[in-house]
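For reference, the structure discussed in these notes is given below.
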Amino acid sequence: MSKTINKNRRPFPSNLRLATAIATIALAVPSLAAAQDNAEDAVAASGEAGKLVYTPADFARFSPKTAYDMLSQVPSFTIHSSDQERGLGQASENVLIDGQRVANKTGGAVDVLQKTPAANVVRIEIVDASTLGIAGLSGQVANVVLTEEKSASGQFAWRPDVRAHYAKPNFFKGNISYSGKSGWLDYTLSIKNPGGRGAFAGPIVLTDASGNVIETRHQLFHSESELVTFETKFGIDGPGTSEGNLTLGYTPYWAPSYSREDRMPVGGVNYTRLNDQKLDGFYYDVNGDYAFDLGGGRLKLIGLRHFDHEPFDVSQINSYADGRPDDGVRFLRNSRIGETVLRAEYGWKGGKNDWQLSFERAYNSLDQRGTLYTLGADGEFTEVPYPDGSGHVVETRYEGIATWNRPIGDKADIQVAAGAEVSKLARLDGDLEPRDFFRPKGSVVLGWRPGDDWDLSLRLRRRVGQISFYDFLAQPNLQQERENSGNPDLVPPQSWEVETEFGKSLGAWGKTRLRLYHHWIEDIVDIIPVGVDGEAVGNLPHARRWGMEWTNTFQLEPVGVKGAKIDLSLELQDSSVADPLSGMHRPISNELKRYVNASYRHDIPSSDWAYGFGAEHYRMQKGYYLTEISEGWEGPLFDYWFIENKDVFGLTVNFTVVNLTNARHRRERTVYDGRRLSDPVLFNQLHDQLIGPIFRLTVKGTF
């Protein structure tokens, strides 16, 4: 399925060199597979001029209910969801529907396919991005072709989960949708709630620089989230060559969290700290597009409006065992986030050349009102001055991109995209002058298919990143007792990025893909010093990131286990940036370091039963702040075990148990008495806390 990563710095570490070598061997492998090409592949694609084609029959063994159920079983294909950046910009989601990019901010093509009945799928084509003429894509792209004759139908999935310890049950996770067509109008009505739960509890130990215990704690944490999206989508066919779409969505959400720590300092007074957070808001989305033939080409107009009201309330109170008055602090943040995008795309064909011009205007805003309070001896919160916690930040951005695409012979294609963006960034309620930026951007993508079972791609891209408006304003972290000052001088990062991807069919044995990348980044966003003892999110001059992503599907039918497969994914990443305090190179803070996922699934032939198991492991780089270094993870690995029946009164029922091997919540933190590297260690903090088993039920059906 999907997953993405990044990392930078130094020559490849030894484990990255080893993994790359293993991947290269797998790409070159089986002569044995060549001898087995006539063996029946469980999910076998037919080949057509540079593409792999899968039909619904190829996925019958999985009893899919939606188009997404099919796509998620395509061997060795990694689904990359669209980047959630401001504006629409170039494509980033490697999934198309009927050859077209779904340009919206509400989940893109993946979200549409999750609501599309499997019966509406004609085929799924896996093609090289360089053949498409869609700027921003590289490597493999899935094009899901749907039938024009759509019958009215619905589908639903109910996905409750329960944890053995600490968390509240999650009974209302799921989705339901109904789609139909009447003449020139097709429609989809849907409700979904991807709500989640999190919880852990256990000891925290604090030691001094010499390793002596200075405090013990016991923490209980749990969080809940509910995001209920009501959405209506209309599709219009005609008049003439025109077609259009309109999507209306409204999402109320609730995301409370609770943390209780019983603290027992050595030689001090015991006390309890309660941290209570509430995030109860809503957002709405309006997305529309309209396309029609014009002149010798086709014009597509796209518009969207997003608005999010995000009220955040966090309080932290200390209660002491010796009866002294409670003390504490409270932070309220009332934010209104808006985005309006207008985009036009005009494409035409001239001989073997495909051309496209795109223009976009995006307006983004954040209006935050932040207030800070302290708890008095009378038990009442009193407001204290906090002017840096409020502000109104806006950006107006214009982008123009020209894209040229053509084949180079029968086995290669090239795509060139070039353009720039112009933006103005301002605080409307301050005395700072607006800042103007001009950023060139673009890409060159080369795709090559040297044989029927090989494909290669290479991309060189100039990318302009984006920044969080929240970083312009002060944001206290009460739980970690750390505050980021606002930074009005923050600028978007830019990068040169080189990526290459290799894919090879292993015949009846499956498929394997390897992606390698290296990024050179300017104005990387990290933590920087402010004043004598402050810190803020800011820019460091240069950084590098490199890594690999290896995705495999191995079919086990050639060894006699019909209906079985192994999926294996491995991602390794490293990075390098000059530390603002020492000047020495270190990894970029809080980025992915490694991710491994291995799973086994067996659909028992001539039955409705399937079972399987798997495990995943991940680690992030440490977070380097000016007063501390911290690292958090859960593991060492999460295991999962499932059993599934695909015809329980016409329903597919799956029961999964997660974490029988006792993956734990872990955190290591070193806090300094001032600046790290120059001041002594204040304390070391170690978390080793219980998560416990998770039980999940999935019931899917159609109506």
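When restricted to residues that are over 30 Å from Pro75 (Cβ atoms) and either buried (at least 17 other Cβ atoms within 10 Å of the Cβ) or among the hydroxyl-bearing types (Ser, Thr, Tyr) (or both), the stretch 492-521 contains 5.
The residues of the stretch 229-262 that are aromatic (Phe, Trp, Tyr) and either crowded, with 18+ Cβ neighbours inside 10 Å or in contact with a His (Cβ under 8 Å, 6 or more places away or on another chain) (or both), listed by number, are Tyr253, Tyr258. Are any of the residues in the stretch 684-703 farther than 30 Å from Ile176 by Cβ, touching a Phe, Trp or Tyr at 6+ places or on another chain (Cβ under 6 Å) and of a type in the set (Asp, Glu)? Scanning the stretch 684-703, I find no residue that is farther than 30 Å from Ile176 by Cβ, touching a Phe, Trp or Tyr at 6+ places or on another chain (Cβ under 6 Å) and of a type in the set (Asp, Glu), so the answer is no.
When only residues in the stretch 465-481 that are surrounded by fewer than 17 Cβ atoms within 10 Å (Cβ to Cβ) and modelled with pLDDT under 85 count, which is nearest to Val525 (Cα to Cα)?
Narrowing the stretch 465-481 to residues surrounded by fewer than 17 Cβ atoms within 10 Å (Cβ to Cβ): 468, 477, 479-481.
With the extra rule that they be modelled with pLDDT under 85, the set shrinks to 477, 479-481.
Working: Asn477: 19, Gln479: 23, Gln480: 21, Glu481: 22 Å.
Out of the qualifying residues, it is Asn477.
When you scan the stretch 295-311, how many residues do you find that are hydrophobic (A, V, I, L, M, F, W, C) and touching a residue at least 60 places away in the same chain (Cβ under 8 Å)?
First, pick out the residues of the stretch 295-311 that are hydrophobic (A, V, I, L, M, F, W, C): 299, 301-302, 304, 307.
Right, trim to touching a residue at least 60 places away in the same chain (Cβ under 8 Å) and you get 302, 304.
Looking only at that region, the number is 2.
From the list Ser606, Ser630, the one residue that fits, being surrounded by fewer than 19 Cβ atoms within 10 Å (Cβ to Cβ), among the polar types (S, T, N, Q) and on the phi > 0 side of the Ramachandran plot, is Ser606. Within the stretch 333-368, if we keep just the residues that are crowded, with 18+ Cβ neighbours inside 10 Å and in contact with a Pro (Cβ under 9 Å, 6 or more places away or on another chain), the residue that is nearest to Asp413 (Cα to Cα) turns out to be Ser335. For the stretch 80-103, state whether one or more residues are farther than 28 Å from Gly338 by Cα, surrounded by fewer than 23 Cβ atoms within 10 Å (Cβ to Cβ), polar (S, T, N, Q) and in contact (Cβ under 8 Å) with a residue 60 or more places away in the chain. There is no residue in the stretch 80-103 that is farther than 28 Å from Gly338 by Cα, surrounded by fewer than 23 Cβ atoms within 10 Å (Cβ to Cβ), polar (S, T, N, Q) and in contact (Cβ under 8 Å) with a residue 60 or more places away in the chain.
Please pick out the residue among Val530, Val596 that is in contact with an Asp or Glu (Cβ under 8 Å, 6 or more places away or on another chain) and among the aliphatic types (A, V, I, L, M).
Val596
Exactly one residue out of Ala508, Ala536 is in contact (Cβ under 8 Å) with a residue 60 or more places away in the chain and in a strand (DSSP E or B): that is Ala536.
Here is a check on your reading of the model: is Ala199 modelled with pLDDT of 95 or more and in a loop (DSSP other than H, G, I, E, B)? Walk me through it before giving the result.
Numbers: modelled with pLDDT of 95 or more: yes; in a loop (DSSP other than H, G, I, E, B): no.
It is false that Ala199 is modelled with pLDDT of 95 or more and in a loop (DSSP other than H, G, I, E, B).
If I filter the stretch 189-196 for residues that are surrounded by 20 or more Cβ atoms within 10 Å (Cβ to Cβ) and outside any strand (DSSP E or B), do I get at least one hit? Yes, the stretch 189-196 has at least one match.
Would you call Ile124 closer than 30 Å to Phe469 by Cβ, at pLDDT 85 or above and among the β-branched types (Val, Ile, Thr)?
no
Checked against the criterion of being of a type in the set (Asp, Glu), within 18 Å of Val464 (Cβ to Cβ) and more than 26 Å from the chain's Cα centre (by Cα), the stretch 426-437 contains one or more residues that satisfy it.
For the stretch 154-173, the set of residues classified as under 12 Å from Lys700 (Cα atoms), crowded, with 19+ Cβ neighbours inside 10 Å and small (Gly, Ala, Ser) consists of Ala157 only. Just one of (1) touching a residue at least 12 places away in the same chain (Cβ under 8 Å); (2) under 26 Å from the mean Cα position of the chain (by Cα); (3) surrounded by fewer than 20 Cβ atoms within 10 Å (Cβ to Cβ) fails for Asn484. It is (3). Kindly provide the set of residues from the stretch 548-587 that are free of Cβ contacts under 8 Å to residues at least 24 places away in the same chain and either farther than 24 Å from Val74 by Cβ or of a type in the set (Gly, Ala, Ser) (or both), ordered by number. Across the stretch 548-587, the qualifying residues are Gly560, Gly583, Met584.
Is it fair to say Gly288 is free of Cβ contacts under 8 Å to residues at least 40 places away in the same chain, crowded, with 16+ Cβ neighbours inside 10 Å, closer than 30 Å to Ala103 by Cα and within 35 Å of the chain's Cα centre (by Cα)?
Details: free of Cβ contacts under 8 Å to residues at least 40 places away in the same chain: no; crowded, with 16+ Cβ neighbours inside 10 Å: yes; closer than 30 Å to Ala103 by Cα: yes; within 35 Å of the chain's Cα centre (by Cα): yes.
Against the criterion (free of Cβ contacts under 8 Å to residues at least 40 places away in the same chain, crowded, with 16+ Cβ neighbours inside 10 Å, closer than 30 Å to Ala103 by Cα and within 35 Å of the chain's Cα centre (by Cα)), Gly288 does not qualify.
Consider only pairs whose beta carbons are under 7 Å apart and that are at least six residues apart or on different chains; among these, list those whose first residue lies in the stretch 454-478 and is in contact (Cβ under 8 Å) with a residue 24 or more places away in the chain and whose second residue is in a helix (DSSP H, G or I) and among the aliphatic types (A, V, I, L, M). Close Cβ pairs satisfying both conditions: Ser457/Ala129. Pairs meeting the criteria (first residue in the stretch 610-634 and not assigned by TED's automatic domain parsing to the domain that holds Thr661, second residue assigned to a strand (DSSP E or B) and modelled with pLDDT under 95, beta carbons under 6 Å, at least 6 apart or on different chains) are lacking.
Which fully enclosed strands (runs of 3 or more DSSP E) of the stretch 606-703 have 2 or more residues being more than 27 Å from Asn477 (Cβ to Cβ)? Steps first, please.
Values: elements: 609-620, 628-635, 638-648, 651-658, 664-672, 681-690, 694-702.
It comes to 609-620, 638-648, 651-658, 694-702.
Here is a check on your reading of the model: is Arg462 in a strand (DSSP E or B), crowded, with 17+ Cβ neighbours inside 10 Å, modelled with pLDDT of 90 or more and assigned by TED's automatic domain parsing to the domain that holds Gly503? It is true that Arg462 is in a strand (DSSP E or B), crowded, with 17+ Cβ neighbours inside 10 Å, modelled with pLDDT of 90 or more and assigned by TED's automatic domain parsing to the domain that holds Gly503.
Screening Asp526 on (1) part of a strand (DSSP E or B); (2) at pLDDT 95 or above shows it passes everything except condition (2).
For the stretch 212-281, list the strands (runs of 3 or more DSSP E) that sit wholly inside it and hold at least 3 residues that are within 30 Å of Gln479 (Cα to Cα) and either under 29 Å from the mean Cα position of the chain (by Cα) or without any contact (Cβ under 8 Å) to a residue 60 or more places away in the chain (or both); which are they? Break it down stepwise before answering.
Details: elements: 213-227, 229-237, 243-254, 257-265.
Passing ranges, in order: 213-227, 243-254, 257-265.
Taking each residue of the stretch 677-703 that is at positive phi and looking for partners that are part of a loop (DSSP other than H, G, I, E, B) and crowded, with 17+ Cβ neighbours inside 10 Å with beta-carbon atoms closer than 8 Å, six or more apart or interchain, yields Gly692/Tyr166; Gly692/Asn659.
The values are calculated or read from the model by the stated rules, or taken from the named source; none is laboratory data. Only a predicted model underlies this, so the values are computations on that prediction, with no experimental measurement involved. FYI the Cβ positions are ideal-geometry reconstructions off the backbone, even for glycines, and counts take in every protein chain you see.
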